[in-house]
Structures are given as structure tokens and as C-alpha cells.
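Have a look at the structure below, then the notes.
The values are calculated or read from the model by the stated rules, or taken from the named source; none is laboratory data. The structure presented is a predicted model; accordingly, all values stated were derived computationally and were not measured. In this analysis, Cβ positions are derived from the backbone assuming ideal geometry, glycine residues included, and neighbour counts consider all displayed protein chains.
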Amino acid sequence: MSFAHTHAGGYVELLLADPTVTLLASDPGTHPEGELRGRAFADALGVGYVDSYEELLAWKPDAVIVTSENAHHREHVELAAAAGAHVLCEKPLATTLEDGKAMLAATEAAGVMLMVAFPVRFASTFLKLKADYDNGLLGQVITVRGSNNGKLPVARSWFTDPALSGGGALVDHVVHIADLLEGLMGAAPVSVTAITNQKLHADRAQAETAGLVTITYDNGVIAAIDCSWSRPESAPTWGGVKMTVAGTNGTVDLDFFGPRARGLDTASGRPIELPYGPNFDASLVGTFLDGVRSGIPPQPDGAVGLRTLRIVLAAQESASTGGTVTIVED
Amino acid sequence: MTTSPLKIGLIGAGGISNSHLPHLLALGAEVYVYSEEGAPDLVARYGGTVVDTLEELLDLVDYVDVATPTFTHFGLVKRALEAGKDVISEKPLARTDAEASELVALAASTGRSLYPAHVVRFFPEYVRLYEAVKSGVLGDLAVLRFSRSGAFPTRTPWFADRALSGGIIMDQMIHDIDIARWVAGEVTRVSAISTRAGTPEAPVEAAHVLLTHASGAISHIAGLWGPAHVVFTTEYSVTGTLGSLEHSSAAEKNYVANLAATTAQGGLLPDVDPAENPYFVEIREFTAAFAGGPAPRVTDRDGAEAVRLANAALTSLETGQPVDLTETGK
């Protein structure tokens, strides 16, 4: 449902390559000028297309992937759940706590699974970290620092429209590392402090473009996340996700999108960077499909989506009030 | 250099004195060492003359280098200034804001020089950052990250006593607090979270500090005192409206050995190039200033301000809320 999120194209390509899956897409409505959306985008990808969500859901899909604007996730997840389809929802889960809770309630009432698209936890480097953590090789973990820096998203204008995206860099980039910590430790966030500004991309910014967030967890771990859109549009690659985890037995540094071949363009002297490594989205989609086939709810689920959303909302509140915000889970 | 050697009194014979005494001697200074313990061993290692009392030391010398535990800086620096000496003080300048302010005022009223040894300002990678920022090549700074990791200093017990040392924030992270202020300007808001684990014999400690600068720039400072085997590493990543600059000590290595027998790098001090040792450059700049040379790149006011920011972070740890420095006033 919807081609609003740029990840939609990637999911379509992965699913079209899977002979056990039949796929149909819909992206109704009027779309921003200059953005390849709707039937034209479906044709470009070679995927079957219908003009409305009614037609799409009348097709009785086993599962639905929601890749609409963040603020529309609730509406579309509720539609899919009502049609009895399991749901993979693009991150963040929602833009308000009320929406997030409603989505969990709707999928639960319909007896369908809700998974949230956090691809980085499917990286083999994360699985290695998780194994080392579970085997006690890190000892007692005490601190984490992570950065998820990228370009200002320009391929789709809604990313920088707070009414549709739910904010700026905080809502876009805090959740990935928050999800990794959830997947690693399963601890509850206790307090959140955030500072932000709009100095980068100031001409386009309608919300924060740089943000630094600190989080305390109920297991005593402290964490810091840089979520800034601090990569220039001219950068050779989109950005990346890095994380350092330290415990009583030592540290582990992860650079999830780090490995690349490097060179220089002779004419301009600009770097040539060619990243390589597995596509985490393939494992993400595969895990979702396994869940749909087996009936065993896959992780990260809606509850993870809600917990990471609480961190984002607390960070937004902290940035606006200047205070540290306590998270109360209900 | 001057023709007649500077007569300098070094107070303290602990860890950092090993990074001061040889450089003082290399610069041709006549060095007298007073310490409650360890002075004969230190002098046997590098040279100089042991003196048995502080009174004797102050009678013999024109300048004093205070390289003692944090909680003793105030009393010793005060004594030296009152005795009419120019003083180098190991960082932090003092443990409390009031003490630091008093020392700055005393230096002014006695007309003596007081230089806090914020040695990171003399590390070439941080000099490059400062120069890049000042040249304008990075534009208006938006978001800065600093990280410093090493082994918990367990060689003497006072580091582990937060009342005496101020913990990792006052002892280790004050370096990057000073650098953040050096490159991004005065700070208006400070928040911090911290954690500690391990055993009394093998403690670990970590903290995250967030700074909001008067310019609107935001900084994150991460500090780790890890287990004994953790190699000393530093990182920074600074992004402005026109460009970015980052450095990782682990990545920028010009000598990587894979030998059967090797000399492992320790976890307490950074690896430095002996041909341009930052501690030497620092001591050279301070002693040259004593001899009538140009003012050093770091002043007593910088040292006092770093103490004030570190103490604001410690206050934030206690209150669980950010500290607004514009309200408390300067």
C-alpha cells in the first residue's frame, strides 16, 4: 500500500524475485509533481497495479506492506487488518502514541501480525553482536553510542513535511538504533534528552535537521544517538549506521554500511565509493514472509515499534521543552 | 629559548609527570621535583633534582608545574601563585567552580601566568579541526560528536572517587568539553547521563554529555573508562553548513604491526608521534610564554570554563535534568 516511501521500490523488487509470492500494488491519490508514483511507478517496476485500496484489499491478500507517509500508517494498517491481512509497516510505526496504540489494537483485534520494518537488526554484524551479548562476551553492557546520519531525504517531499512525516531527523533516524538496542537488550527506556537545530539544509528544513539524543534504560545502560541529516547532497553515498557497545569485558564497534571500495574521480578529484554487502531488506522481507507462512509472529513487532516511537516522541518533547523526559509505559 | 635555563618546580610524580618531566628537561629547564611519593623514582628515570619539601621547591624555582591529583590542584596552585610563581596546572584547573574562579582571580591580582594543561588542544588532529573551523571551510557548525575511550585508571584510588576526581566527566571528558567549546564557542546548556559497573578492582565507567552552544550548534561527548585491555582511542565528527571533518585515532594509523612479539599500546594515554609529541609541544608553548613568548592557545579562563561545564554535567547527573547556564549566569 502506497509508494510514498522510497523503500517501496526495493520491497517490490525483492517480492517480484520470489516465485512463491504474487504481488499487487496500489498508490492512489494525487502525488507531488516530479515524483514517480502511482501506476507509472508500478509500470516502471513491472508490478501489477490497481487504482484503489478497496480493489487491492478485495483481492484478499495474505499480507500487506504499508509504505505510505508516516502519518498515514495508522489508516492503512487499520484497513489492511480489517481485511484480514498480516502487515509489515514501514518505520517509524506512527507519528503519535495514539495512532501507534490504535494500530496494535486493530491488528490484535483482527488476529493478524504486525511487523515493523527495521532492516538493520537483520545485518549479520548485528546477529554477531547479539550472539556475543547473549554469550556474555561483552560482560555487563554499560554504554552505547550510535550514529545514523544520512542526506536530507529529497526523493519524496513528504519526508521534510512534518505534517506527513511527524517531524525531522529525530523521527526519521532515532528509531533504527533504538530498535537495535531493543533487539539486543530488550530493556525499557526510562528517560530521554534531546537537543536539535536546523542549521543544515536550512533552506528546506521545516523541522530539525540535526539531533543528538541520550537515553537511559531500566537495565542501567546509557545510550546516545546522533540522528542528524548531516550528509551533504553531494556525498558519494547516502550515509550509514554506526554503533559502539561497551561493557565490563570490552567494546564492539559496528559499521553496518561501512565496507566499500574507494577511489577518486580523475577529473574532479571527488571520491568514488562503492559500498558492498548483503541487502538487509532481503532478510527483513524473508522474515516477514516466514512469519506469514508459519503463523509465528516475527520480530520486530508492533510492540517494538511502539516502544521506539515512545523514544522519538520523548526526544521531540525534550527538544522543544529543554528538559529531560521520563517515559512511562502503560 | 632563553639562554639561562628556566628553573621549574614539578609537583607530583604520578602518571602524568612522566609526560611532563622529560619534556621540561628536553627544553633545557632546570627541574626540581617535589612529591609526597615517587619523586626519586621519577628523577631516576628522566633526570632532575628531588627536593624534600614544598617550601624548598618554591624557594628554588621561578615557575611551577602542578601535576598532582585533581583535588590537590587548588591548594598547590594557590600556594605557587601566592609565592609569585607562574604556574602550569594539570587539568582540571580545580575540582570546583569556586576554586577555579579563585585561581583565575588570584593569577590576575598577582600578575602571574596560569596555564591549564588541556593537552588535547596540542594534538595535531584537533589542531586541524580548530584550523578548519576558524578558516571557515566547514561553515557554520551544526552538529559535533566527540568520543574518548580507554582503560579505567586504577593505578591510584582517587580516580574512582567521584568526590575527589569528578569521575570520568571531570577527568577524561573535560578534554573534549574543552575542545567542543574551543571550536564551537560558549555553551549555554549542559546535560549528562552516566553509569558505572564492574568490581572495585576492575571498575568501568561511562558517560554521555550533550552541549548546546550559544551559536545554536549541538555537541555530544562520549567517554568510556573500560576494562584494562581497552586501547586508548579518540574520535570526532564535526559537520557545518559548508563541510564536515572527522577523525578516528583507530583508523588513522601509520604503523600497523603484525609481529610475533610486539609492544602493546596502553589504555591510559593516547598513542603519539614522538617527533611531534603533543605533551612536548604543550610544555614548549607554556615555557616559551614564561620566557616572554606569545600567549599560549589555552588560558586560565578556558580551564575554569571547562571546570564549570564539567560541574554542570555533574549537576545534571544529580538532578536528572539539563542545566541552563544562561540562567545561573557567569
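Based on what the data block shows, is residue A:215 crowded, with 23+ Cβ neighbours inside 10 Å, more than 7 Å from chain B (Cβ to nearest Cβ) and farther than 16 Å from residue A:150 by Cβ?
Details: crowded, with 23+ Cβ neighbours inside 10 Å: yes; more than 7 Å from chain B (Cβ to nearest Cβ): yes; farther than 16 Å from residue A:150 by Cβ: yes.
Yes.
Conditions (1) touching a strand residue (DSSP E or B) at 6+ places or on another chain (Cβ under 6 Å); (2) touching a residue at least 12 places away in the same chain (Cβ under 8 Å); (3) more than 14 Å from chain A (Cβ to nearest Cβ), marked per residue:
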site	(1), (2), (3)
B:104	no, yes, yes
B:130	no, yes, yes
B:135	no, no, yes
B:141	yes, yes, no
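Would you please name the residue that is farthest from residue B:246 (Cα to Cα), looking only at residues in segment A:104-156 that are assigned to a loop (DSSP other than H, G, I, E, B) and within 14 Å of chain B (Cβ to nearest Cβ)?
Ranking the candidates gives A:136 first.
Looking at segment A:57-69, which of its residues are within 29 Å of residue A:167 (Cβ to Cβ) and in contact with a strand residue (DSSP E or B) (Cβ under 8 Å, 6 or more places away or on another chain)?
A:63, A:64, A:65, A:66, A:67, A:68
I need the full set of residues from segment A:221-258 which are at pLDDT 95 or above and of a type in the set (Asp, Glu), in order please.
A:226, A:253, A:255
Exactly one condition in (1) at the interface with chain A (Cβ under 9 Å from one of its Cβ atoms); (2) touching a residue at least 24 places away in the same chain (Cβ under 8 Å) is false for residue B:208; which is it?
Residue B:208 satisfies all of (1) at the interface with chain A (Cβ under 9 Å from one of its Cβ atoms); (2) touching a residue at least 24 places away in the same chain (Cβ under 8 Å) except (2).
Answer yes or no: is there a residue in segment A:257-264 that is small (Gly, Ala, Ser), loosely packed, with under 13 Cβ neighbours inside 10 Å and not assigned by TED's automatic domain parsing to the domain that holds residue A:153.
No - not one qualifying residue is present in segment A:257-264.
Residue-wise test of (1) within 30 Å of residue B:320 (Cα to Cα); (2) more than 9 Å from chain A (Cβ to nearest Cβ); (3) under 23 Å from the mean Cα position of the chain (by Cα); (4) not in a strand (DSSP E or B).
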residue: B:201; (1), (2), (3), (4): yes, yes, no, yes
residue: B:212; (1), (2), (3), (4): yes, no, yes, no
residue: B:215; (1), (2), (3), (4): yes, no, no, yes
residue: B:228; (1), (2), (3), (4): yes, yes, yes, yes
residue: B:231; (1), (2), (3), (4): no, yes, yes, yes
residue: B:234; (1), (2), (3), (4): yes, yes, yes, no
residue: B:239; (1), (2), (3), (4): yes, no, no, no
residue: B:246; (1), (2), (3), (4): no, yes, yes, no
residue: B:252; (1), (2), (3), (4): no, yes, yes, yes
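Restricting the search to segment B:121-162, which residues are of a type in the set (A, V, I, L, M), more than 20 Å from residue B:219 (Cβ to Cβ) and part of a helix (DSSP H, G or I)?
Of everything in segment B:121-162, just one residue is of a type in the set (A, V, I, L, M), more than 20 Å from residue B:219 (Cβ to Cβ) and part of a helix (DSSP H, G or I), namely B:160.
Tally time: how many residues in segment B:179-199 are in a strand (DSSP E or B) and either more than 11 Å from chain A (Cβ to nearest Cβ) or under 23 Å from residue B:247 (Cβ atoms) (or both)? Give the derivation first.
Of all residues in segment B:179-199, those in a strand (DSSP E or B) come to B:187-198.
Narrowing the set further to residues that are either more than 11 Å from chain A (Cβ to nearest Cβ) or under 23 Å from residue B:247 (Cβ atoms) (or both) leaves B:187.
Selection size over segment B:179-199: 1.
Quick one: in segment A:187-212, which of the residues that are under 15 Å from residue A:319 (Cβ atoms) and out of contact with any strand residue (DSSP E or B) (no Cβ under 7 Å at 6 or more places or on another chain) is farthest from the other protein chains (Cβ to nearest Cβ)?
So the first thing to find is which residues in segment A:187-212 are under 15 Å from residue A:319 (Cβ atoms), and the list is A:191-199, A:205-212.
Now restrict to residues that are out of contact with any strand residue (DSSP E or B) (no Cβ under 7 Å at 6 or more places or on another chain): A:198, A:205-207, A:209.
Numbers: A:198: 9, A:205: 11, A:206: 16, A:207: 14, A:209: 8 Å.
Looking at the filtered set, the residue picked out is A:206.
Within 14 Å of chain B (Cβ to nearest Cβ) and touching a Gly at 6+ places or on another chain (Cβ under 8 Å) - does that describe any residue in segment A:82-93?
Checked segment A:82-93: no residue is within 14 Å of chain B (Cβ to nearest Cβ) and touching a Gly at 6+ places or on another chain (Cβ under 8 Å).
Can you name the number of the only condition in (1) buried (at least 19 other Cβ atoms within 10 Å of the Cβ); (2) without any contact (Cβ under 8 Å) to a residue 12 or more places away in the chain that residue B:126 fails?
The single condition residue B:126 does not satisfy is (2).
Considering only segment B:159-187, state which residues are touching a Ser or Thr at 6+ places or on another chain (Cβ under 7 Å) and surrounded by fewer than 16 Cβ atoms within 10 Å (Cβ to Cβ).
B:185
Tell me, please, whether a residue that is of a type outside the set (D, E, K, R) and under 23 Å from residue A:78 (Cβ atoms) can be found in segment A:124-134.
no
Which numbered condition in (1) modelled with pLDDT of 95 or more; (2) over 19 Å from residue A:291 (Cβ atoms); (3) touching a Phe, Trp or Tyr at 6+ places or on another chain (Cβ under 8 Å) is the only one that residue A:48 fails?
So residue A:48 meets the others, but not (3).
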